Amino acid sequence: MEQRITDDLSSLLAILPSEIAQAIEQIDRSDELLEVILDLGRVPTARYTDGEYVLLDREITQEDIDLVVMQVGDFDADNRAGIERTLHRISALRNRRGEIVGLTCRVGRAVYGTITIIQDIIESGKSILFLGKPGVGKTTMLREAARVLADSKRVVIVDTSNEIGGDGDIPHPAVGKARRMQVPTPSLQHEVMIEAVENHNPEVIIIDEIGRELEAQAARTIAERGVQLIGTAHGITLDNLLLNPTLSDLVGGIESVTLSDEEARRRGTQKTVLERRAPPTFEILIEIQERNVLHIHYDVAQAVDALLRGQPVAPEIRRRGPNGEITVEAPARPAPVARSNGGKRRRNQQPETMPLRDAANHYRQFGGAAEGKVHARPRDPDSLRTLRVYPYGIARNRLIESARRFKLPLRVVDTLDEADVLLTLKNFYRRRPRLVSDAEQRGISIYVLRSNTVTQMEDFLVDTFELELEEDEDNQLGRALREVQEAIQAVLNGAPSVDLSPQKASIRRQQHEMVRRANLASHSYGKEPNRYLRVYRETIR
């Protein structure tokens, strides 16, 4: 759709002193006019897209300002007024006594077709947040989004300063069939947002300038009720928004988290780090860099997590050319960021790599699939590929050593973004940490081990790579006894209990004996052939 601009500039020029209006007409660049500035005791100026121009040699008098004020509507609590049935905005500067001593007359334009560059995103049904510097076109896009969506959905505009729908009780035609709710004072904007949801059954709510904490909370309430929310906020980029303590909740909020020594060592960071506190209110964030250049973050949660971990964030870039053609530059996959480890070299800093089959996107729990193996090989070597594993609560050195024993290509990665598989323990999975939830949302396979032992890791590798096994009873006994030794040590170190791999009765008897000699308790669970041992510290009553 070709862009079509309507600004009704004659209505704005009609309220200005005649000689100022004539000076603007003589410049003859109405399409590029942004604002007219009238300040008491200074020369009048006009701001265009390429700079500021002086309109008259004489200074503005109080009579000039009073002439404009008399012809516009009442100024609200936010010192803004308008011209009825237009999109122009008149903002006032006041002195200590409340008298108006300056005016900013901004040209309001309805640009039909400006939304085509992101129409697929607008119609996706997801909540969208626009960021950008003043005058870059955020409100213009909101207005056009309201018009386009109102053709097929119930759209309500919460219009705090009448910028979206224009001044007066009748909305401007640029918003189409969308309904408009006016706000008595800016401080009540959050209440009108909630009222819109409760009273008017909208499918889409459009709100301009979310700038207060109560408004951010109202936005979260709206999003959680399943209503699509499209709004703007103060800020230029996602980084700016994260640094704003009032509005950072729009993208999930930030909190300080203290890591365990092991996790801090694994990440190569300090023990106290910043993490995202909650899911973002808005699913998609669009940075308006210029009027025809947009940076799009399709997954706000992922982008925020990357920024907090010091990783680069690559948005999709869309541009509109001078002839209306639209180009899309897909985001490049960022390279892993090297992390500082405090000058100490970590063991296994260069992870081993190995090939593997495609993993199914679902939760799987392992235990006891590979009893008694001496040798193992893949059934179909040609179908293998490199498996990237993100271990959460898993001993990395044991996992790498297990993979090396079978000569399998496996790579241990440092971030969830690089992973094909999340490997964790049963007790971690039950707590449902945010990392597990993020993996599920991204469709990453989750594999759960009963305990942090070599045997369990080998079972995972055998099942995942579909290895063929050659069994040997003596080797099976040796592995079972090694596993119970590791379990005993884990319980002595503070673990509440450890479940072992299923074994036959003769081996379980030897395991029970080893546990008893270590002054711990054990009990068998399950039915044959899947009956297994649980090692725990006996409670004295």
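Before moving on, here are some points about what is shown:
- As a rough footprinting exposure proxy, the listed residues Ser187, Ser127 were ranked by other beta carbons within 10 Å of their own, and the order from fewest upward is Ser187, Ser127.
- Here the stretch 485-536 is treated with +1 on each Lys and Arg Cβ and -1 on each Asp and Glu Cβ, and its dipole about the Cα centre works out to around 200 debye.
- Taking a ≥ b ≥ c as the square roots of the eigenvalues of the Cα gyration tensor, an a/c ratio of 1.5 or more together with a/b no larger than b/c marks the stretch 4-108 as oblate.
- Number of Lys pairs (Cα under 21 Å; 8 or more positions apart or on different chains) in the chain: 10
- Rounded, prolate or oblate (a/c below 1.5 giving rounded, otherwise prolate when a/b exceeds b/c) for the stretch 485-536 by Cα gyration tensor: prolate
- Point-to-point label distance, Glu275-Asp66, nm (Cα→Cβ direction, 7 Å offset): 6.4
- Label-to-label distance, nm, for residues given as Asp463 and Glu84 (7 Å Cα→Cβ offset): 7.4
- DSSP beta bridges in the chain [antiparallel fraction, %, rounded to 5]: 60
- The chain: angle of helix 473-492 to the longest principal axis, Cα-based, in degrees nearest 10: 60
- For Tyr53, Tyr390, order by how many other beta-carbon atoms lie within 10 Å, fewest first: Tyr53, Tyr390
- Positive-pole candidate from Gln62, Pro134, Gln456, dipole of the chain, charges at beta carbon: Gln456
- FRET efficiency estimate (nearest 0.05) - Cβ-Cβ, Lys527 to Tyr53, R0 60 angstrom: 0.10
- For the stretch 62-74, the Karplus equation 6.51 cos²θ - 1.76 cosθ + 1.60, evaluated at θ = phi - 60°, returns couplings of 5, 5, 4, 5, 4, 4, 5, 4, 5, 9, 10, x, 5 Hz by residue, with Gly and Pro reported as x.
- Label point at Val257 placed 7 Å out along Cα→Cβ; residues across the stretch 293-315 whose backbone nitrogen lies under 18 Å: 300-312
- The stretch 106-241: C-alpha gyration tensor shape, a/c 1.5 cut-off, then a/b vs b/c: rounded
- Dividing the summed -39500 (n - 2.57) terms of all DSSP H runs of n ≥ 4 by the residue count of the chain sets its mean residue ellipticity at 222 nm at -8500 deg cm²/dmol.
- FRET efficiency estimate (nearest 0.05) - Cβ-Cβ, Leu308 to Arg42, R0 56 angstrom: 0.75
- Modelled label positions at Arg431 and Glu191, each set 7 Å beyond Cα in the direction of Cβ, lie 4.3 nm from each other.
- Across the chain, the convex hull enclosing all Cα atoms gives 220 Å³ per residue.
Quick note: the coordinates plus some simple rules give every number you see, no bench work behind them. The structure presented is a predicted model; accordingly, all values stated were derived computationally and were not measured. Please note: Cβ atoms are built from the backbone with ideal geometry, for glycine as well, and neighbour counts cover all protein chains shown.
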